[in-house]
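First comes the structure, then the notes that go with it.
What follows is calculated from the coordinates using simple rules that are stated; it is not laboratory data. A quick note: this is a predicted structure, and the numbers were derived from the prediction, not measured. Ideal geometry is used to build each Cβ from the backbone, glycine not excepted, and the neighbour counts take in all protein chains shown.
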């Protein structure tokens, strides 16, 4: 509906959607105020026709119906989100394989997981500390297509144990012709936390946040 009244001589006192709603959306209360003001200020010699009045009432009816539908959809969304979040708690304590390149190192050795799109002739594992400094890099040779694992002893290039922290890793591989091979980095561990701070489930694998969509499979073979 246009906010300019039909057959109105004065527009100074007509409320606008912006002034009443604080936005460009037109609520039903503002709609009624506009319609009432329009009727009060119409030219007596050219009153609003029945067709115009019925048309504006029809617009109001549509507006009210849409607002009611919007409220119902919001309620359905909240119910669905609540059900999904409740279902996600079943993943707590489960061991998973997920796409990712960060792991928490406490002590001892760490298994570095990856998935090569094809067989490789050269495969280099590079590990960086929380500051982004490379602490370890090694070519582990050719690997078969599919998932593979390299066990890092938790030591830097000088043979010194690295301190506890969140470390990242990358895998660069080439084939027999020296062409690069696509390799997906993976992490494996236990989901020990589930945050709902953003309204949706956000799991953590041994203290490292991951996305629900990054989970490839449960370690027992099931899909999440």
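The length gained by stretching the chain between residue 220 and residue 62 to full extension, at 0.36 nm per residue less their Cα-Cα distance, is 51.6 nm.
May I ask you to sort 89, 198 by Cβ crowding, counting other Cβ atoms within 10 Å and putting the fewest first?
198, 89
Between residue 184 and residue 204, the simple label model (points 7 Å from Cα in the Cβ direction) yields a spacing of 2.6 nm. The residues 155, 33, when put in order of fewest to most other Cβ atoms within 10 Å, stand as 155, 33.
Could you tell me which of rounded, prolate or oblate describes the stretch 96-224, using a ≥ b ≥ c as the square roots of the eigenvalues of the alpha-carbon gyration tensor, with rounded for a/c under 1.5 and, failing that, prolate when a/b is larger than b/c and oblate otherwise? Please report the intermediate quantities before stating the final value.
Working: a/c = 2.18, a/b = 1.27, b/c = 1.72.
Because a/c hits 1.5 or more and a/b fails to exceed b/c, the stretch 96-224 counts as oblate.
Could you give the length gained on full extension between residue 89 and residue 160, defined as 0.36 nm per residue of separation minus the Cα-Cα distance, in nm? Intermediate results must be reported in sequence, preceding the final value.
Numbers: separation 71, 0.36 × 71 = 25.56 nm, distance 3.91 nm.
Difference between extended and current length: 21.6 nm.
Under 13 Å from a label point set 7 Å out along the Cα-to-Cβ vector of residue 168, the amide N atoms of the stretch 126-140 belong to 126-135.
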